[in-house]
Amino acid sequence: MAERRSNLAHRQQANAWFDALRAHMSATSGQSDILDRLNSWPKIENVLADCPALLPGLLTMAWQLRHAEGFTELFKTVSGQQAENTSDKLQPFGKSFDEILLANLQGAMRVFCQQQESGWLAAEKKRKQPPKITTWPLVGGVMLRILKLREEDILRQYPHHGLYPVLKPWLRKREQFALIGDLAALPAGHARILGDTIMGLSDGASIRNLAALETRKLKFVVQLARHIATRSLASDESAHSNEPNQAADKADLPQGSAGEIAGAGLTRLTIDGLHLAKGAIALREQAMDIIDKLLVPMGYDLWSVFANPEAAANVALCPTSLARAIGALSTKVPRKTAEALRSLPGDAATDMVVSALLAIAGHEVLAAWATSEGCVSAWQRIALEVKQATAKMGENAVTREMLTKLAQSLAPTFASLSGVAQPVLDAPAVQVPVALSSGGGSPGYVQSQLK
């Protein structure tokens, strides 16, 4: 009841603006198709029911005319001043322009859901009409009482029943006016799973694709999107730096609240259909690891690797530091190359090898060496040299200096085997992301100074 009273106040103020806008356009524009359309809607309620996407634009026009005759009194603050900010509290109800717009968004969503439910219920009642036997004398009345279903029993079968209360907390942006019909396509259970990610959903086709997913599959892709949000927000400044030595195609990491980041990720995942989501689901066990490795160099574009689950599985095998250094090309790293690097004694050794080769070759050439089948033997040579050194002198033999010299000595071999020559580079300190062997926290970095 309190919500209805509040909505009535918001609606009254919005109607006053709407009426003033129609009068203004009638006086200044004369007859037009737009004015005819506005006059066909007696109240804001009619706009909400017929074409809710137009409402924010209409109310914004009224706001922009707040200094014009016929509008000034409608945009007075509670202190009697002319409103200049959309967050200013307005007479007579003490609500701001932003709050009134938001209330009308929620009202439009509620009306749409109610109309959708009423239409479905009427169709179901007609479909479930009792058979003619209920009109027979004597037994007809008894049969009718047995077969008659109550509305609440029928509505239990309606997948969108109770959808509006689930959506309401996440209706916070004017852009959502254009998504009302799409959001209403979500089953109520799907909306509960999505939760605050609804704030980041920005494409109607994507929302309808999410609505078509089975519940268990939706839960999984939402979990992946939330993982992207968590890792993005946890990344330290070094993961966001603009230095060109992290990855050749380093992407900007997602921004916003956790829900908005996750929702934007879901939009990117499903905007062109469900094939990428299905690819990620097919790699259920490796998907989180793939995200951890490719989030920094690829951002939301990392979803594209799931178009080919077999290639995406290569990323799961690829050491973290190499995957972050070459980004999307980690899908093409031969398995034997990945196995050779993973055989090194610990993530730190792998990171130092990648760091040294990156300083020698640069991103593009390192990617060519890493993805070349011809270079597999060179990577295996690194693993063998390290293994022999460890067998002779113990794990202490594997130092940064030893691995740097080894990488430098093999650079001509990599160039010869791949057909991609080593470029002439300056050799500043190089940072590459280290593997997250502990399974949490922000990406770390190793540094190599080559002279």
Limited to segment 71-130, what total is found for residues that are among the β-branched types (Val, Ile, Thr) and closer than 23 Å to Cys51 by Cα? 2
Can you confirm whether segment 228-250 contains a residue that is at pLDDT 95 or above and farther than 22 Å from Asp289 by Cβ? no
Is one or more of the residues making up segment 79-91 closer than 26 Å to Glu175 by Cβ and among the acidic types (Asp, Glu)? yes
Return the pair list, or none, for Cβ contacts closer than 8 Å from residues in segment 181-195 that are closer than 17 Å to Phe220 by Cβ to residues that are of a type in the set (Phe, Trp, Tyr), at least 6 apart or on different chains. Gly195/Trp170
Considering residues that are over 17 Å from the mean Cα position of the chain (by Cα) and in a loop (DSSP other than H, G, I, E, B), the number found within segment 174-222 is 4
Would you mention how many residues in segment 83-105 are free of Cβ contacts under 8 Å to residues at least 24 places away in the same chain and touching a helix residue (DSSP H, G or I) at 6+ places or on another chain (Cβ under 6 Å)? 3
In segment 210-228, the residues that are surrounded by 21 or more Cβ atoms within 10 Å (Cβ to Cβ) and within 19 Å of Tyr164 (Cα to Cα): Leu210
For Ala225, work out the one condition from (1) of a type in the set (A, V, I, L, M, F, W, C); (2) touching a Leu at 6+ places or on another chain (Cβ under 7 Å); (3) at pLDDT below 95 it doesn't fulfil. (3)
Within segment 342-392, residues without any contact (Cβ under 8 Å) to a residue 12 or more places away in the chain and among the charged types (D, E, K, R) come out as Lys392
Failed condition for Gly70, given (1) touching a strand residue (DSSP E or B) at 6+ places or on another chain (Cβ under 8 Å); (2) over 22 Å from Ala184 (Cα atoms): (1)
Kindly provide the set of residues from segment 169-207 that are under 15 Å from Gln116 (Cβ atoms), small (Gly, Ala, Ser) and crowded, with 16+ Cβ neighbours inside 10 Å, ordered by number. Ala184, Ala185, Ala188, Ala191
Within segment 319-380, considering only helices (runs of 4 or more DSSP H) that don't extend past its boundaries, which have at least 3 residues that are under 33 Å from the mean Cα position of the chain (by Cα) and assigned by TED's automatic domain parsing to the domain that holds Ala397? 335-342, 347-371
Are any residues in segment 305-327 of a type outside the set (A, V, I, L, M), buried (at least 24 other Cβ atoms within 10 Å of the Cβ) and in contact with a Pro (Cβ under 9 Å, 6 or more places away or on another chain), and if so, which ones? Thr320, Ser321, Arg324, Gly327
Mind listing whichever residues of segment 149-166 are surrounded by 15 or more Cβ atoms within 10 Å (Cβ to Cβ), at pLDDT below 95 and assigned to a helix (DSSP H, G or I)? Ile154, Leu155
Condition check: part of a helix (DSSP H, G or I), buried (at least 17 other Cβ atoms within 10 Å of the Cβ) and not β-branched (Val, Ile, Thr). Does Leu302 satisfy that? yes
How do the helices (runs of 4 or more DSSP H) wholly within segment 1-83 filter down when requiring 3 or more residues that are closer than 15 Å to Asn104 by Cβ, in contact with a Phe, Trp or Tyr (Cβ under 9 Å, 6 or more places away or on another chain) and at pLDDT below 95: which remain? 2-29, 44-50, 55-64
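The values are calculated or read from the model by the stated rules, or taken from the named source; none is laboratory data. Bear in mind that the values here come from a model prediction, so they are computed numbers and not experimental data. All Cβ positions, even for glycine, are placed from backbone atoms using ideal geometry, and neighbour counts span all protein chains on display.
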